[in-house]
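Asks: Can you keep this structure in mind? I'll have questions shortly.
Read the figures in this text as sums done on the coordinates, not as results from a lab. None of these values were measured; they are calculated from a predicted model. Counting neighbours? That spans all protein chains shown, and the Cβs are built from the backbone with ideal geometry, glycine included.
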Amino acid sequence: MDCLFCKMVKGEIPCTKVYEDDKVLAFEDINPAAPVHVLIIPKEHYDNVGDDVPQEVLGYLLQTVKKIAEIKEIDKSGYRVSINTGSDGGQTVNHLHLHVNGGAPLYCGSLVI
Ligand code: AMP
Ligand code: ZN
């Protein structure tokens, strides 16, 4: 399958890793919409959150958010987690991913992705 994020998981395309374990990979977004913009992906491919994703995968992704917030030191200041889904949702890469944004107040204005 020709999937950008699967290629990152396999190491075929470089990324700036923030965290990795046997289930997930987290890396810096190439086009950050806020001072902190990290993407968390499952290593296994799912198109998006509507793709019959097992609950243990969804749960693990959300648990990883806390780790990323601590690593990026935004756990105290706060952050936003978003999952764009499908065309109206603005999804551009069809491999399930969570955006973790923070590092500044995320008003309903220019910093919102
Ligand atoms: P979405 O629009 O929700 O599908 O999010 C896809 C995200 O992937 C966007 O925020 C892009 O900036 C990001 N992105 C695309 N290509 C890369 C890449 N090679 N490395 C890191 N992030 C990427
Ligand atoms: Zn993939």
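Asks: Report the charge-dipole magnitude of the chain in Debye, nearest 20, computed about the Cα centre from +1 at each Lys and Arg Cβ and -1 at each Asp and Glu Cβ.
Replies: 360 debye
Asks: Evaluate the charge dipole of the stretch 51-112 about its Cα centre and quote only its size in Debye, nearest 20, assuming +1 on the Cβ of each Lys and Arg and -1 on the Cβ of each Asp and Glu.
Replies: My answer is approximately 300 debye.
Asks: I'd like the Kirkwood hydrodynamic radius of the stretch 1-61, using the inverse of the mean 1/r over distinct C-alpha pairs, in Å.
Replies: Averaging 1/r across every pair of different Cα atoms and inverting gives 12.4 Å.
Asks: Using only the Cα atoms, what convex hull volume per residue in Å³ does the chain have?
Replies: 105 Å³
Asks: What do you get for trypsin sites (Lys or Arg not before Pro) in the stretch 14-113 restricted to DSSP loop and a cutoff of at most 11 other Cβ within 10 Å of the site's Cβ?
Replies: The qualifying sites are Lys76.
Asks: Normalising by the residue count of the chain, find the relative contact order in percent from Cα pairs under 8 Å and 6+ residues apart.
Replies: Result for the chain is 31 percent.
Asks: Cut-off 19 Å, label point 7 angstrom out along Cα-to-Cβ of Lys43: give me the residues of the stretch 89-104 whose amide nitrogen falls inside.
Replies: Within reach of a label on Lys43, which here means backbone N under 19 Å from a point 7 Å along Cα→Cβ, the stretch 89-104 contributes 95-98.
Asks: What angle, in degrees between 0 and 90 and rounded to the nearest 10, separates the Cα long axis of helix 55-71 from the longest principal axis of the Cα atoms of the chain?
Replies: Relative to the chain, helix 55-71 is tipped by roughly 40 degrees.
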